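The values are calculated or read from the model by the stated rules, or taken from the named source; none is laboratory data. Keep in mind that this is a model prediction, so the values were computed, not measured. Cβ sites come from the backbone with ideal geometry, for glycine too, and all protein chains shown count toward neighbours. Surface areas here come from the heavy atoms of the whole protein model, side chains and all, with no ligands, DNA or RNA. Shrake-Rupley method; radii C 1.70, N 1.55, O 1.52, S 1.80 Å.
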Amino acid sequence: MTPAQLTRAVLSSASELGVPDVPGGVRLAPRGARAWGTGIALRLAGPAGVTAVEVARALRARLVNAPGVHAVEVSARGFLTIELGADADAALLAEILQRPVPAPLFDDPERDVARWAEAAGGAREALLVQREENPLFRVRYAHARSRALARGAHALGVRPDPHGARFDDAPAAPERALLTALGEQVGNVRRLLAVADAFLRAERERPTLPVGDEKPSAVHRARLALAQAAGAVLADGLHRMGISAPDHL
């Protein structure tokens with residue numbers, strides 16, 4: 001189960017409780033590896049005429065048996081924490097990698113800067129500078145870096161494999177942070193920055209491709225799937241804003 005599928009499962013469970021429309025939708029917040037929290041029960045308690053804990057327990061009874069859900073906990077205030085199964089990471093990466101690739105936009109710095117500034121703010125001069133302090137540059141650079149890794153992997157004969165490894169050990173914290181950023185359902189610009197920054201950190205600390213005498217292994221194939229998923233999310237998010245996502249910077 002992916003976070004998006006979990007959102008739909010929560011909405012479906014709320015509908016079964018007689019709440020067809022959930023004001024504001026479902027907001028999921030990361031609560032650890034493959035775990036997501038939501039305060040939806042607190043918002044539904046008033047209209048339902050019962051306590052948030054009662055709503056949360058009713059939701060839990062439905063969600064705990066949903067395919068892909070490992071465990072569901074209810075806090076004393078009615079906050080739900082939902083832990084997905086061990087295959088959730090692979091499911092998320094596979095789903096992202098299967099999405100249609102948006103048609104590339106031609107490079108137009110003035111247009112790109114204007115559209116970013118309209119959505120996220122920022123001065124034109126600062127957004128045109130290709131430096132780390134420039135959020136637009138970081139997002140576009142992260143996408144270009146993901147494409148460079150894809151080219152390098154092709155030359156080495158390394159293919160992405162979402163199922164090749166699990167990112168649960170302590171050294172894999174950068175990959176885990178990137179998976180969380182990929183799974184969060186937040187505003188487009190915020191998500192682009194979170195994915196870009198997490199991807200660039202992961203690549204600095206845990207390179208996607210073999211280094212030196214290293215031989216390609218399952219972990220490299222899994223990291224490549226993670227890198228390509230990051231690139232796909234960045235390309236899609238930029239396209240939605242009408243901003244080009246170049247393969248080279």
**Message:** Tell me the accessible surface of ASP108 in square angstrom (1.4 angstrom probe, heavy atoms of protein chains only), to the nearest ten.
**Reply:** 50 Å²
**Request:** Give me the angle, in degrees from 0 to 90, between the Cα long axis of helix 218-240 and the longest principal axis of the Cα atoms of the chain, rounded to the nearest 10.
**Result:** 90 degrees
**Item:** Nonlocal amide H pairs with HIS70, under 5 Å, H built at 1.01 Å
**Value:** GLU83, LEU84, GLY85
**Request:** Could you tell me the distance between the Cα centroids of region 62-111 and region 135-159, to the nearest Å?
**Result:** 22 Å
**Item:** region 1-135 - percent of accessible surface contributed by carbon and sulfur, probe 1.4 Å
**Value:** 54 percent
**Asked** Which FRET efficiency value, to the nearest 0.05, is calculated for ARG124 and LEU249 with the Förster distance at 22 angstrom and r the Cβ-Cβ distance?
**Response** 0.75
**log₁₀ of I(q)/I(0) at q = 0.22 Å⁻¹ - region 1-121, Debye sum with one point per alpha carbon** = -1.15
**Message:** Can you compute the helix-only [θ] at 222 nm over the chain? Use -39500 (n - 2.57) per DSSP H run of at least 4 residues, normalise by all residues, nearest 500 deg cm²/dmol.
**Reply:** -17500 deg cm²/dmol
**Prompt:** Ignoring any ligand, DNA or RNA, what whole percent of the accessible area of region 141-243 comes from carbon and sulfur when the probe is 1.4 angstrom?
**Reply:** 51 percent
**Request:** Would you mind computing Rg(Cα) / (2.2 N^0.38 Å) for the chain, counting N as its residues?
**Result:** 1.11
**Fill in**
Computed over region 15-135, protein heavy atoms only, probe 1.4 angstrom, the accessible area per residue in square angstrom equals 58 Å²
**Request:** Find the eigenvalues of the gyration tensor of the Cα atoms of region 116-249, then list the square roots of 5 times those eigenvalues as equivalent ellipsoid semi-axes, largest first, in whole angstrom.
**Result:** 27, 16, 13
**Asked** Stokes-Einstein at 10 °C, 1.306 mPa s, Kirkwood radius from Cα pairs: D for region 65-155 in µm² s⁻¹?
**Response** 92 µm²/s
**Prompt:** Can you tell which of ARG191, ARG201, ARG151 shows the greatest fluctuation in a Gaussian network model of the chain with Cα springs below 10 Å?
**Reply:** ARG151
